[in-house]
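Enquirer: Have a look at this one before I ask anything.
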Amino acid sequence: MAIKKILNQKSLKFLEEYLNNPSPTGYEWEGQKIWMNYLKPYVDEFITDSYGTAVGVINPEAKFKVVIEGHSDEISWYVNYITENGLIYVIRNGGSDHQIAPSKWVDIHTKKGLVKGVFGWPAIHTRKPGKEEQPSMDTIFIDIGAKNKKEVEAMGVHVGCVITYPDKFHVLNKDKFVCRAIDNRAGGFMIAEVARLLSENKNKLPFGLYVTNSVQEEIGLRGAEMITQRIKPNIAIVTDVCHDTSTPMINKKAQGDNTMGSGPVISYAPAIQNKLRERIIEIAVKKKIPFQRHASSRSTGTDTDAFAYSNGGVPSALISLPLRYMHTTVEMVQKNDVENVIKLIYETLLTIKDGDDFSYFK
């Protein structure tokens with residue numbers, strides 16, 4: 001059955017709520033609750049682990065297991081040092097960009113609730129032209145309006161508190177989704193939509209489907225490393241974001257040529273199982289789903305690597321969503337690309353049979 005419409009108003013409401021909720025690496029559980037609540041009508045049961053990865057399972061009794069996966073965490077900061085006059089220095093939790101920090105609002109998460117702050121920066125009038133110090137991990141700092149260290153601590157802020165940006169979801173020019181943390185809660189959103197479509201279209205799968213929203217990708221694929229050992233899948237299809245390289249200051253010779261609005265990006269890398277990738281490409285061609293290609297040297301840098309090299313080797317593939325301004329607070333994707341990633345995963349699943357073997361030696 002051909003899919004006529006992918007996203008609806010309920011989908012978009014979920015996407016906005018899910019993106020707006022902070023889910024920094026190591027603190028993903030509130031976002032996972034939102035995700036599981038949305039997914040609940042479309043799966044048979046859930047698996048969770050002690051670090052927060054959540055898995056919705058369809059046909060849990062089946063022996064043959066297929067994973068579709070995204071990751072739920074976003075980049076953030078940790079409080080690392082509080083000065084005697086009440087300013088706060090930070091370290092990264094994931095790949096947070098120090099250059100965009102000055103003048104940004106932040107939320108510091110404490111046991112007493114959120115504490116608002118700003119990344120301060122010297123006024124332009126006070127800096128010497130040609131000798132200006134640049135934003136770096138040594139120069140950026142947070143000001144919460146406290147007069148000294150004691151007042152900071154009285155507000156509940158201490159070393160180890162996690163810090164996120166509060167930037168909210170917007171739709172730009174009708175079809176561009178903009179927010180922080182699209183990397184990669186867009187992935188969790190898209191795999192949830194695949195599960196919804198399977199349910200609404202009454203598709204009966206001949207295998208167990210494990211809709212997996214992993215934690216801690218931003219600090220080394222850790223959530224995927226843990227959950228793949230528990231699921232022990234036969235096949236894994238991972239979705240993440242990749243760079244739109246059409247904007248200024250990006251070298252296409254180094255980063256490849258992928259453009260927002262031109263369709264899902266199908267990856268080539270040692271971790272990608274070639275026969276599974278070719279199956280996905282065949283489906284894209286057959287169903288007239290636009291797609292792009294991307295090559296990665298050595299590793300993909302995504303949860304694909306964790307699944308591929310687990311359990312003696314799991315045939316794995318990566319379908320990426322082209323994204324502008326990665327690891328900023330204005331990450332941007334195009335609606336049509338989101339819909340086409342969902343459609344490509346959905347249509348690929350409909351071709352997989354119980355016991356499908358992607359071996360080179362059969």
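Enquirer: Can you give the FRET efficiency for K168 and F361, using 1/(1 + (r/R0)^6), R0 = 56 Å, r = Cβ-Cβ distance, to the nearest 0.05?
Expert: 0.65
Enquirer: Here is a further query. Just grab the label-to-label distance for E200 and I91, each label 7 Å out from Cα along the Cβ direction, in nm (one decimal).
Expert: In this crude label model, E200 to I91 measures out at 4.6 nm.
Enquirer: Counting other C-beta atoms within 10 Å, which of R222, R180 has the fewest, and how do the rest follow?
Expert: Least crowded to most crowded, the residues run R222, R180.
Enquirer: Between rounded, prolate and oblate, where does segment 128-183 land on the alpha carbon gyration tensor, with a ≥ b ≥ c its root eigenvalues, rounded for a/c under 1.5, else prolate if a/b exceeds b/c?
Expert: Taking the square roots of the gyration eigenvalues as a ≥ b ≥ c, segment 128-183 is oblate.
Enquirer: If packing is taken as the average number of other Cβ atoms within 10 Å across a peptide's residues, how do 104-116, 184-196 rank, most packed first?
Expert: Averaged packing, sorted descending, gives the order 184-196, 104-116.
Enquirer: Please state the Cα pair-distance histogram of segment 213-283 with 10 angstrom bins from zero: what percent is in each bin?
Expert: 15, 37, 37, 11, 0
Enquirer: Taking a point 7 angstrom from the Cα of F46 along the C-beta vector, which residues in segment 204-218 have backbone N less than 18 Å away?
Expert: Residues passing the 18 Å test: 209-216.
Enquirer: Please tell me the relative contact order of segment 31-96 in percent, rounded to the nearest whole number, where contacts are Cα pairs under 8 Å and at least six residues apart.
Expert: 22 percent
Enquirer: Counting other beta carbons within 10 Å of each Cβ, put M137, M326 in order, fewest first.
Expert: Lowest to highest Cβ neighbour count: M137, M326.
Enquirer: Among 118-124, 170-176, 69-75, 159-165, what's the highest-first ranking by average C-beta atoms within 10 angstrom per residue?
Expert: 69-75, 159-165, 118-124, 170-176
Enquirer: Return S310, S136 ranked ascending by Cβ neighbour count within 10 Å, so the fewest neighbours appear first.
Expert: S136, S310
Enquirer: Could I ask something else about it? Which three semi-axes in whole Å describe the equivalent ellipsoid of segment 76-164, each the square root of 5 times a Cα gyration tensor eigenvalue, listed largest first?
Expert: Each semi-axis is the square root of five times an eigenvalue, giving 23, 15, 10 Å.
Enquirer: Tell me, what is the percent relative contact order of the chain, built from C-alpha pairs under 8 Å that lie six or more residues apart?
Expert: In percent, rounded to a whole number, it is 22.
Enquirer: To continue, here is another question. Considering the convex hull of the alpha carbon atoms of segment 73-118, report its projected area averaged over all viewing directions, in nm², one decimal.
Expert: 3.8 nm²
Enquirer: Relative to the present Cα-Cα distance, how much length would full extension add between S246 and E16 at 0.36 nm per residue of separation?
Expert: Extra length available between S246 and E16 comes to 80.2 nm.
Enquirer: Separate question: Given the pairs K176/K286; K63/K343; K168/K252; K5/K202; K40/K174; K253/K275, which are separated by over 23 angstrom at their Cα positions?
Expert: K176/K286; K63/K343; K168/K252; K40/K174; K253/K275
Enquirer: So how much slack lies between E30 and A254, counting 0.36 nm per residue of separation and subtracting their Cα-Cα distance, in nm?
Expert: Length difference between fully extended and current span is 76.9 nm.
Enquirer: Please work out how much length the chain gains when fully extended from K116 to K275, using 0.36 nm per residue of separation minus the C-alpha to C-alpha distance, in nm with one decimal.
Expert: Roughly 52.2 nm would be gained on extension.
Enquirer: Rounded, prolate or oblate: which fits the chain when a ≥ b ≥ c are the square roots of the eigenvalues of the alpha-carbon gyration tensor, with rounded for a/c under 1.5 and prolate only if a/b beats b/c?
Expert: Prolate is the answer for the chain, as a/c is 1.5 or above and a/b outweighs b/c.
Enquirer: Give me, ordered by chain and number, the residues 5 or more places off E74 or on other chains with an amide H under 5 Å from its own placed amide H.
Expert: Amide H to amide H, under 5 Å and 5 or more residues apart or across chains, E74 pairs with S23, T25.
Enquirer: Could you tell me what percent of the DSSP beta bridges with both partners in the chain are antiparallel, to the nearest 5?
Expert: About 65 percent, rounded to the nearest 5.
Enquirer: Hey, what number do you get for the chain at 222 nm if only DSSP H runs of n ≥ 4 count, each worth -39500 (n - 2.57), divided across all residues, to the nearest 500?
Expert: -8000 deg cm²/dmol
We did not get these values from a lab; they are worked out from the coordinates using the rules stated. Given the structure is predicted, the values throughout are model-derived calculations rather than measurements. Positions of Cβ are backbone-derived with ideal geometry, glycine not excepted, and every protein chain shown enters the neighbour counts.
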